[in-house]
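Report on the structure given below.
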Amino acid sequence: MEPQQESTVDGRKRRRRGGVGKRQKDSSCSQQAPPPAPPVDAASPLEKRRRKAGEAAAIPKGRKPASLLEKMRARLSGGHFRMLNEKLYTCSGQDAFDYFKNEPELFDVYHAGYQEQMSHWPEQPVNVIIKWLKSHNKSWTVADFGCGNAAVAKNVKNKVFSIDLVSDDPSVIACDMAHTPLEPSSVDVAIFCLSLMGTNFPSYLQEANRVLKPSGWLLIAEVRSRLDPNTGGADPDKFSEAISQLGFSLVSKDEKNKMFVLFYFRKKEKSKVAKNIEWPQLKPCLYKRR
Ligand code: SAH
């Protein structure tokens with residue numbers, strides 16, 4: 001069964017609530033984030049960041065909110081996550097990078113909400129990709145574009161360059177993935193797992209093309225509704241065609257999962273980038289209030 005909503009990825013019914021957590025109208029990423037709270041203790045910046053994000057973190061799955069305060073916090077953090085999510089889908093990678101640079105703790109709020117959403121998916125695409133990597137060559141070098149909590153690097157033996165907007169882990173490269181510090185033709189596998197978020201997503205794929213070796217693999221997992229014309233999404237064939245014009249061949253497409261599709265492309269041995277590639281628009285993936 002397909003996800004039922006047009007631009008959201010939650011099959012559950014939407015509950016209307018007043019006031020708290022209302023979706024913000026502003027979708028510009030260039031606005032300044034609110035000023036950070038003044039320091040209150042001698043904890044390290046990382047510890048403070050974790051604490052601050054933890055205060056707003058979602059209540060773990062399977063545990064009922066115990067108090068009104070906890071319920072309010074969960075509701076606020078859900079609203080905050082959805083606001084950040086919408087921002088990431090409606091601004092450029094550079095704007096997203098600048099935004100999180102000013103308020104890195106928001107990245108933790110985003111990921112607490114993201115993990116909460118993922119916990120409701122029957123299968124997580126990142127796990128399918130990890131399984132695929134484990135069944136292939138361990139000596140392949142991998143670039144995980146938009147790595148989130150770097151699950152790929154943590155679960156495979158390959159050398160993995162984990163890339164995301166924010167890093168509190170020395171093994172994660174913090175940058176806008178349209179411009180990575182990776183060498184040209186240096187990786188065997190490039191992964192985009194639910195990370196083609198920015199309005200300039202083609203520039204992320206161009207960057208992957210730059211760093212991939214000839215015959216390298218390009219794996220893209222995307223939310224089903226973004227690539228389903230029946231729900232206002234892009235035509236998946238046009239999406240594949242654009243990537244082919246970048247110099248790739250579509251090897252296979254895994255459509256058996258309810259929430260996402262997974263494309264396996266391979267860079268051509270002698271790849272050539274076509275002029276004026278027609279990229280389809282990818283609509284934002286907005287998550288419903290739970
Ligand atoms: N791939 C991970 C996380 C997916 S969430 C997983 O499947 O679990 C999408 C991630 O892409 C977020 O962590 C977000 O910060 C990152 N991202 C989005 N745009 C980016 C950009 N321009 N540069 C680097 N990372 C980006």
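The values are calculated or read from the model by the stated rules, or taken from the named source; none is laboratory data. Computed from a prediction, not measured in an experiment: that's the story for all the values here. Heads up, the Cβs are rebuilt from the backbone with ideal geometry, glycines too, and the neighbour counts pull from every protein chain shown. Accessible surface is based on the protein model in full, side chains and every heavy atom, while ligands, DNA and RNA are left aside. Shrake-Rupley method; radii C 1.70, N 1.55, O 1.52, S 1.80 Å.
What distance in nm lies between label points placed 7 Å from Cα along the C-beta direction at residue 119 and residue 72?
2.3 nm
Mind grabbing the accessible area of residue 140 for me, 1.4 Å probe, Å², rounded to tens?
50 Å²
Among 107, 72, 93, whose Cα lies farthest out toward the positive end of the dipole of the range 68-118, if unit charges sit on the beta carbon of Lys, Arg (+1) and Asp, Glu (-1)?
The listed residue farthest towards the positive side: 72.
Evaluated at 10 °C with a viscosity of 1.306 mPa s, what Stokes-Einstein diffusion coefficient in µm²/s does the range 68-118 have when Rh comes from the Kirkwood expression over alpha-carbon pairs?
Answer from the Stokes-Einstein relation: 139 µm²/s.
Assign unit charges at the C-beta atoms only (+1 for Lys and Arg, -1 for Asp and Glu), then state the dipole size of the range 68-118 relative to its Cα centre in Debye, rounded to the nearest 20.
220 debye
What's the carbon and sulfur percent of the range 68-118's accessible surface, probe 1.4 angstrom, rounded to a whole number?
That share works out to 59 percent.
Using DSSP to define loop residues, name the trypsin sites (Lys or Arg not before Pro) in the range 139-181 whose beta-carbon has at most 13 other beta-carbon atoms within 10 Å.
Sites meeting the loop and neighbour criteria: 157.
Return the carbon/sulfur percentage of the accessible area of the range 214-290, one whole number, probe 1.4 Å, all protein chains in place.
46 percent
Please give me the summed charge of the neighbours of residue 151: other residues whose Cβ is under 15 Å from its Cβ, Lys and Arg +1, Asp and Glu -1.
Residues close to residue 151 contribute a combined charge of 0.
With a sphere of radius 13 Å drawn around the Cβ of residue 245, what net charge do the other residues whose Cβ falls strictly inside it have (Lys, Arg +1; Asp, Glu -1)?
Here the charged neighbours net out to +2.
Write down Rg/Rh for the range 173-289, rounded to two decimals, with Rg from the C-alpha atoms and Rh from the Kirkwood relation over Cα pairs.
0.95
What accessible area per residue comes out for the range 123-267, rounded to a whole number of Å², with a 1.4 Å probe?
I get 38 Å² per residue for this part.
Considering only protein heavy atoms, what is the solvent-accessible area of residue 243 at a probe of 1.4 Å, reported in Å² to the nearest 10?
In the full protein context, residue 243 sits at about 0 Å².
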